[in-house]
Amino acid sequence: MLKVVEINNLTVQYPDVKALDDVSFVINQGDFLGIIGPNGAGKSTLMKAFSGLGPASKGEIWFQGKPVKFHSPRDARNLGIEMVYQDLALAGNLPIAQNIYLGREPTKRFGFINRIDHKRCLEMSQEHLDTLKIHVKNAGQKVEDLSGGQRQAVAVARATAFDANLVIMDEPTAALAVKEVSKVLELIKRLKSLNVAVIIISHRMDDIFAVCDRVMALFHGKNFAEAYINETSHDEL
Ligand code: ADP
Ligand code: MG
């Protein structure tokens, strides 16, 4: 099994609190790892460690067998590590396609200048939405006209549109109406076919049981327990 990311003894210290305390784990290609823990456990800090947004830290992150340092979200993106933030960070006034390609638009040469190739952007977005069976009117629809679940789906589409190696999602169902939760979980399960590694951060145990193969429990910044989903239960977690 190809190892995608290995975290070794990661410790992140804020002035008043150790947000992560000596956390280690490995995630392989195709792995779906759930990270669960109460408020303040360090879940978001763990995600930020991949984007250079957190405070200085000790320990190492290895990517495909090499140690890496992240100074900005772009560094992670360049390695195919994508984040789906809790607030989704979508531009409501722009169409779905432009949200998927924001900052990575295909270009076309017009004489001496490169311009964004909107037609290709639209076509490729539509193709990706269809692959993931995401139901919207079309890739030209504005994000502000979508339901919460559809927006979450667009954020997932954006994270997987460029051959990602690892997708990290922070609370992907927290903001959703009950009937949309199962749709988003079904979508996350379909990512299995892309052979991408996925980390799902959630405080909802049902989400983790529905889509993950493995679960890690964070508590006061420590990797408190780790188990395969089929070898544990709600109660034990
Ligand atoms: P979770 O996402 O599991 O709720 P966080 O990673 O957000 O937890 O927070 C872990 C700990 O770090 C908490 O005690 C929190 O108060 C603290 N923390 C998070 N962000 C900051 C920050 N920017 N400055 C200081 N302390 C922070
Ligand atoms: Mg959090």
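The values are calculated or read from the model by the stated rules, or taken from the named source; none is laboratory data. As the structure is a prediction and not an experimental result, all values here were calculated from the model. Using ideal geometry, Cβ is built from the backbone for each residue, glycine included, and neighbour counts are taken over all protein chains shown. We work out accessible area using only protein heavy atoms, side chains counted, and drop any ligands, DNA or RNA first. Shrake-Rupley method; radii C 1.70, N 1.55, O 1.52, S 1.80 Å.
What to note about this one:
- Those residues of the stretch 157-171 which are over 20 Å from Ser147 (Cβ atoms) and part of a strand (DSSP E or B), in sequence order: Leu166, Val167, Ile168
- The stretch 154-183: number of residues that are in contact with a helix residue (DSSP H, G or I) (Cβ under 7 Å, 6 or more places away or on another chain), open to solvent by less than 10 Å² (accessible area, probe 1.4 Å) and under 22 Å from Leu94 (Cα atoms): 4
- The residues of the stretch 186-211 that are acidic (Asp, Glu) and either farther than 19 Å from Glu231 by Cβ or not in a helix (DSSP H, G or I) (or both) amount to a single one, Glu186.
- In the stretch 115-131, the count of residues that are within 19 Å of the chain's Cα centre (by Cα), open to solvent by less than 20 Å² (accessible area, probe 1.4 Å) and under 26 Å from Pro73 (Cβ atoms) is one or more.
- Some residue of the stretch 90-108 being of a type in the set (A, V, I, L, M), part of a helix (DSSP H, G or I), out of contact with any helix residue (DSSP H, G or I) (no Cβ under 9 Å at 6 or more places or on another chain) and away from ligand 2 (no atom under 14 Å from the Cβ): no
- Verdict on Arg151 being open to solvent by 30 Å² or more (accessible area, probe 1.4 Å), among the basic types (Lys, Arg) and without any contact (Cβ under 8 Å) to a residue 40 or more places away in the chain: no
- If the condition is being within 17 Å of Ile35 (Cβ to Cβ) and in contact with a Ser or Thr (Cβ under 9 Å, 6 or more places away or on another chain), then the stretch 147-167 contributes only Val167.
- Residue, farthest from Ala225 (Cα to Cα), within the stretch 14-29, restricted to residues that are open to solvent by 70 Å² or more (accessible area, probe 1.4 Å) and within 11 Å of ligand 1 (Cβ to nearest atom): Pro15
- Number of the exception - Phe112 against (1) within 26 Å of Leu46 (Cβ to Cβ); (2) away from ligand 1 (no atom under 16 Å from the Cβ); (3) open to solvent by 80 Å² or more (accessible area, probe 1.4 Å): (1)
- When Leu90, Leu79, Leu94, Leu102 are checked against the criterion of being in contact with a strand residue (DSSP E or B) (Cβ under 6 Å, 6 or more places away or on another chain) and surrounded by 12 or more Cβ atoms within 10 Å (Cβ to Cβ), Leu79 stands alone in meeting it.
- Search result, residues across the stretch 3-36 that are of a type outside the set (D, E, K, R), over 26 Å from Leu194 (Cβ atoms) and not in a strand (DSSP E or B): Tyr14, Pro15, Val17
- Test: residue in the stretch 57-73 that is basic (Lys, Arg), in contact with a Ser or Thr (Cβ under 8 Å, 6 or more places away or on another chain) and away from ligand 2 (no atom under 16 Å from the Cβ): yes
- Counted residues, the stretch 172-185 - those being part of a loop (DSSP other than H, G, I, E, B) and either over 12 Å from Gln86 (Cβ atoms) or of a type outside the set (Gly, Ala, Ser) (or both): 4
- Scanning the stretch 37-71 for residues that are in a strand (DSSP E or B), open to solvent by 20 Å² or more (accessible area, probe 1.4 Å) and within 20 Å of Glu226 (Cβ to Cβ) yields Gly59, Glu60, Trp62.
- Long-range neighbours under 8 Å by Cβ, at least six apart or interchain, first residue acidic (Asp, Glu) within the stretch 37-60, second open to solvent by 50 Å² or more (accessible area, probe 1.4 Å) and not in a loop (DSSP other than H, G, I, E, B): Glu60/Asn9; Glu60/Pro67
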